[in-house]
Amino acid sequence: MATPSDPDDWELRKGQIVGLGERSFRKSYYPQLRQNLDRLQRFRLLLDRTTDIVVMLSVPEGKVVDGNEAFGVLLGEPVEALIGRDFASLGLGDTARILEILSEDACSAARDRPVDSHSMLTEFSRDGRTMCFDLSLRTTLLDNECYCVLVARDVTERQHAHAMVAALLAEKEALLENALVGIVHTRERRIVACNRRIEEIFGYPPGGMIGLSTRIFYPTDYDFSSVGEEAYRSLGESGKQFSVTLQMQRVDGTPIWCELSGRALDSESPVSDSIWVISDVTERHDAEERARFLAYHDVLTSLPNPQLFQDRLQQAVAFAVRAGTKVALLLIDIDRFKAINDVLGHEVGDRLLVEVARRIEQNTRATDTVCRQGGDEYLLLLTNVSEPDAIATYAAELMANLAEPFSVDHQELTISVSVGVAIYPEDGADYGTLLKKADMAMYRSKESGRNTYRFFNEEMNDDAVAQVTLFSGLRRALDARQFVLHYQPQLEMGSGRLLGAEALIRWNHPDLGLVYPGRFIPVAEETGLIAEIGDWVLHEACAEAVEWRRVLGQDLAVAVNLSALQFKRGDIEKTVAEALEATGLDPSMLELELTESILIRDTESILAAVKRLKLMGIRLSIDDFGTGYSSLSYLKRFEVDKLKIDQSFVRDLAHNPEDAAIVRAIIQMAHSLGLKTIAEGVENKEVLDLLRLYRCDEAQGYHFARPLPADRFLAFAAERGI
């Protein structure tokens, strides 16, 4: 058994043993330690060189345990100064929330539960600059102590870029969603994306079109197929845009007109990916169609207008040339339509025009054309006509049909029409010629009493040429003093004494010779020149009557006819007064002849004018009495002096008992009213004797003298010994 050594020896041996242990430890563990220290240094260097911020926190205390250089740079302090600081005081985002998460994780780690990493975005502000960081957090146990490693990456620029991209995308999205046109992205002719406007155009709910075939846009399979073939072939060949305007349909089947434009994203395979822009142009299309329609149709009746009618007539003539048939142009004019407008109003008149148009259409064939010429006139084109008799039969049937009552605004209206007919090839081969001749024939219908039809003949053309000649020469005649007055003597029946004369106008035409008023007065009335001509007649007649007194030494009365237009103008008294003042004629030597038609128009104003003329001392007579609206009431109210018996009753007085009865009745009635009578158209002694028997007061006619020029009338008066 060993005995204890000497104490000094023991200390020596212990030292030797310890030294041996240290050498053994250094030999075995130092290299590993050195290696670990190098790795730690390299890791520390790596952390300090990274731009990310790395911080170690104690949990749950929330104290900074360590950090890299980027951490110190961010906060502007050395890292050593930050160790031990409360994390909550550093201002790195929502520190309270971060520490709350770390505390929850620490509890989980203490119970050996798995702990997840956490990520969040946070902001940090310094020196007026705000930065955005992407934080990563993870809790771990080290020597039974809980720590958190926090890594923060500066994503400020990335967030700015994301914000810009998001803003651009939002702008584009807003632009697409608020675009006035529909935009759709298709792939293999199926909708993969679209904006809201395209859904509104076609009546689909939001998102309701995604995934559907573009067949939904088209009314028929044929449209879907044909438009698709044309569109994708064009996009593939040209690589450019394809555009077309076509009819599509809404989800409820309502047809709409759309403008379709497309572009392929890949021209090699356009059907694979393409973008389409669709605009609803229904209103514009309808407006254009309406404009095109109105360019060739009447607004009121929707009938073809003269332009379209002319084209149809040209086609009909071309066909008639090949077929050897005829074409008829009928001009239909509603008789006295102005009275309907004046009495019932233009709205009723317009509705009547529409009803007349419909009824004419109902009486035509599909190959015929009805046109509204304007106002109350219609044109009718009859094609493939074999004989004129067929036209006459048709015209009579049409007039009978139009004579049936029309119901307009709960009113029953009856009309008649006057029709003129011109025929190809007899009357012309073009629209202008046929229309002109149909117009002449229509006016001949009017002259024949209306409610009839007339075919054109060359006599009408001659009359029309003469009318045009008169029309163009009237104004020149007035300025060139081509008008002259002739005077027909008026004699007292009992004594045969010359009382005066009726002034009758003649036109000394340079080409036509002496033209009688029956030919040019209607033209003058139509042009409005009748008022100026009437004023000239009045002044000339008054001047001549003054000349009679100067030459003959005795007063003779002059009778002057007044036109309705002179009265309508409203200044007849002024005109008469000026004529009397300018010539010096005694008013009692002027007799104004008024027609019955003047007296029944605007009765109160005419009555007032007549009374003012009577106050001036002028005598008044009613011309052509018995041929118009003969009425005892206006004879009493207008206080006329004389009735002039129309020559139509006088000429056959000796041989026509009815005329004799009328003449006797007029004379007896006039005498009972205190009026004188004068008979015109006395051409023989037999008639003169009967008038004396009936006690007619005065007479004029060829039996005494024809209307005479002024110088010959003076000679006639001198011969009568006055």
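No value in this document is a laboratory result; all are computed from the given coordinates. The structure displayed is predicted, hence computed values, not measured ones. Because the Cβ atoms are built from the backbone with ideal geometry, glycine has one as well, and the counts that use them run over all protein chains shown.
The table that follows gives values for the structure above.
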item: Given the chain, longest segment not containing exposed loop chymotrypsin sites (Phe, Trp or Tyr not before Pro) (DSSP; at most 13 other Cβ within 10 Å); result: 1-628
item: Unsatisfied cross-links (Cα-Cα over 23 Å) in the set K446/K644; K644/K685; K568/K676; result: K446/K644; K568/K676
item: Ranked list, fewest to most other Cβ atoms within 10 Å of each Cβ, for H297, H671, H410, H346; result: H410, H346, H671, H297
item: Beta bridges by DSSP in the chain, antiparallel share as percent, to the nearest 5; result: 80 percent
item: Charged-residue dipole, Cβ positions (Lys, Arg, Asp, Glu), region 301-456 about Cα centre, Debye nearest 20; result: 340 debye
item: Rel. contact order, % - alpha carbon contacts under 8 angstrom, at least six apart, the chain; result: 6 percent
item: Spatial separation of Cα centroids for region 216-257 and region 302-322, in angstrom; result: 37 Å
item: FRET efficiency, S472 to D430 (Cβ-Cβ, R0 25 Å, nearest 0.05); result: 0.55
item: Relative contact order of region 179-287, pairs being alpha-carbon contacts under 8 Å that are 6 or more residues apart, as %; result: 28 percent
item: Centroid-to-centroid separation of region 671-722 and region 498-522 [C-alpha atoms, Å]; result: 20 Å
item: Cβ-defined net charge surrounding L498, 12 Å radius [Lys, Arg +1; Asp, Glu -1]; result: -2
item: Order of H486, H655 under a 10 Å beta carbon neighbour criterion, fewest first; result: H655, H486
item: Likely footprinting exposure, I340, I622, fewest C-beta neighbours within 10 Å first; result: I340, I622
item: Total formal charge among the other residues, if their Cβ is under 13 angstrom from that of Q411, Lys/Arg +1 and Asp/Glu -1; result: -3
item: Inter-site label distance for N684 and R85 at 7 Å from Cα along Cβ, in nm; result: 14.9 nm
item: Acute angle (nearest 10 degrees) that the helix 221-238 long axis makes with the longest principal axis of the chain, alpha-carbon atoms; result: 70 degrees
item: Part-to-part distance (alpha-carbon centres) for region 273-288 and region 132-153, which is given in Å; result: 61 Å
item: Global geometry of the chain, whether rounded, prolate or oblate, following the gyration tensor of its Cα atoms and the 1.5 cut on a/c; result: prolate
item: Cα-based shape type of region 280-358, given that a ≥ b ≥ c are square roots of the gyration tensor eigenvalues and the cut on a/c is 1.5; result: oblate
item: Sites matching trypsin sites (Lys or Arg not before Pro) across region 352-404 that sit in DSSP coil, with at most 15 neighbouring C-beta atoms within 10 Å; result: R365
item: 19 Å cut-off, amide nitrogen to a point 7 angstrom out along E288 Cα→Cβ, residues in region 296-326; result: 296-297
item: Label-reachable residues, region 267-304, where backbone N falls under 12 Å from a point 7 Å from E230's Cα toward its Cβ; result: none
item: Gained length - A366 relative to L512, 0.36 nm times residue gap less alpha-carbon distance; result: 47.7 nm
item: Nearest-0.05 FRET efficiency for R49 and A193, computed from C-beta distance (R0 60 Å); result: 0.80
item: FRET efficiency estimate (nearest 0.05) - Cβ-Cβ, S243 to Q41, R0 45 angstrom; result: 0.05
item: Degrees separating the helix 431-447 axis from the principal Cα axis of the chain, which is the longest one; result: 50 degrees
item: Radius 14 Å from Cβ of A390, net charge of other residues (Lys, Arg +1; Asp, Glu -1); result: -2
